[in-house]
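Notes follow the structure.
The values are calculated or read from the model by the stated rules, or taken from the named source; none is laboratory data. All figures in this text were calculated on a predicted structure; none of them were measured in a lab. All Cβ positions, glycine included, derive from the backbone under ideal geometry; neighbour counts span all protein chains shown. Remember, those area values only see protein heavy atoms, side chains included, never the ligands or the DNA or RNA. Shrake-Rupley method; radii C 1.70, N 1.55, O 1.52, S 1.80 Å.
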Amino acid sequence: MNEDLSALQDFTGVARLFPLPGLVFFPHAVQPLHIFEPRYRQLAADALAGDRLVAPVLLRPGWEEDYDDAPAVHPVACLGRVAMDQLLPDGRYNLVLRGLARVRIAEELPTDKRYRLARVEVLRDEHCEDVDELMSLRTAVADLILPRVTAGPVREQLRGLFKGELPLGHLCDVLAFALPLPTEAKQGLLEVLSVTCRARLLMEAFQAVLDDGAKPVGAGMGKRFPPDFSVN
């Protein structure tokens, strides 16, 4: 974790953008990435030779028409650090990215690289000092989600998260990343800096999924839920 903190302290403010459809990355989450496009192989090589930082960012609707150039992306992304890497014989990469912090894209920068660069601002959580409100929200989130968990191992992992010391903002990030929420709902949660507002919005988004008749949480999601994450 000290490496993660050092990465943020030494961060220059210029991020390598990795635009992706359908994936919203969050702080404290872990995401495996398979890199095969030439431009993103260059991105991976440069990241590994440098600060190991990459910022996955969600593509806006209509990206298919401009994918080979520079399709529009959402303004808030998550800066991640490559925790594990594997270079394959044919030049592809397998990476494991750990989320560090939200960032807001201020401007994209001209570059001779094949991938996109942007100047970004690191965003910090807006914390609530009312302990009673935080505990009440934590309980409400648990009461909404836990009864809908069906898989035994998944239920125990999730109970462990709620019983642990993970701050509410971090907990909401892990849940937002792992729960079967619509992509746009996840992006909305990524853009919320207030911890209390994030918790309420998470509950609203999850309740909407339940109202739409989605499968119980854990169905078809494998043995690990939520995925591995880093605790700051």
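Odds and ends about this structure:
- A Cβ distance below 7 Å, combined with a sequence gap of six or more or placement on separate chains, defines the contacts here; from the stretch 24-52, residues that are under 20 Å from Thr183 (Cα atoms) reach residues that are acidic (Asp, Glu) and open to solvent by 40 Å² or more (accessible area, probe 1.4 Å) in the pairs Val30/Asp228.
- Enumeration of residues in the stretch 140-169 that are of a type in the set (S, T, N, Q) and either in a helix (DSSP H, G or I) or modelled with pLDDT of 95 or more (or both): Gln157
- Ala118, sole failed condition from (1) part of a loop (DSSP other than H, G, I, E, B); (2) over 25 Å from Val195 (Cβ atoms); (3) not β-branched (Val, Ile, Thr): (1)
- The combined condition, being touching a residue at least 60 places away in the same chain (Cβ under 8 Å), under 24 Å from Pro180 (Cα atoms), in contact with a helix residue (DSSP H, G or I) (Cβ under 6 Å, 6 or more places away or on another chain) and not in a loop (DSSP other than H, G, I, E, B), is fulfilled by Leu100.
- Filtering the stretch 162-173 to residues that are open to solvent by less than 20 Å² (accessible area, probe 1.4 Å) and touching a helix residue (DSSP H, G or I) at 6+ places or on another chain (Cβ under 7 Å) leaves Leu168, Gly169, Leu171, Cys172.
- Within the stretch 76-93, tally of residues that are in contact (Cβ under 8 Å) with a residue 24 or more places away in the chain and exposed (fewer than 15 other Cβ atoms within 10 Å of the Cβ): 1
- Looking across the stretch 103-125, just one residue is touching a residue at least 40 places away in the same chain (Cβ under 8 Å) and of a type in the set (Ser, Thr, Tyr), and that is Tyr115.
- Residues being assigned to a strand (DSSP E or B) and either over 17 Å from the mean Cα position of the chain (by Cα) or among the charged types (D, E, K, R) (or both) - total across the stretch 9-55: 3
- Test result for Leu58, modelled with pLDDT under 95 and surrounded by 15 or more Cβ atoms within 10 Å (Cβ to Cβ): no
- Of all the numbered requirements in (1) at pLDDT 95 or above; (2) aliphatic (A, V, I, L, M); (3) open to solvent by 20 Å² or more (accessible area, probe 1.4 Å); (4) not in a strand (DSSP E or B), Ile105 misses one, and that requirement is (4).
- Condition broken by Ser6, with the remaining ones in (1) assigned to a strand (DSSP E or B); (2) at pLDDT below 95 satisfied: (1)
- Evaluation of Leu137 against (1) under 28 Å from Leu53 (Cα atoms); (2) part of a helix (DSSP H, G or I); (3) modelled with pLDDT of 95 or more; (4) not small (Gly, Ala, Ser) (one fails), failing number: (1)
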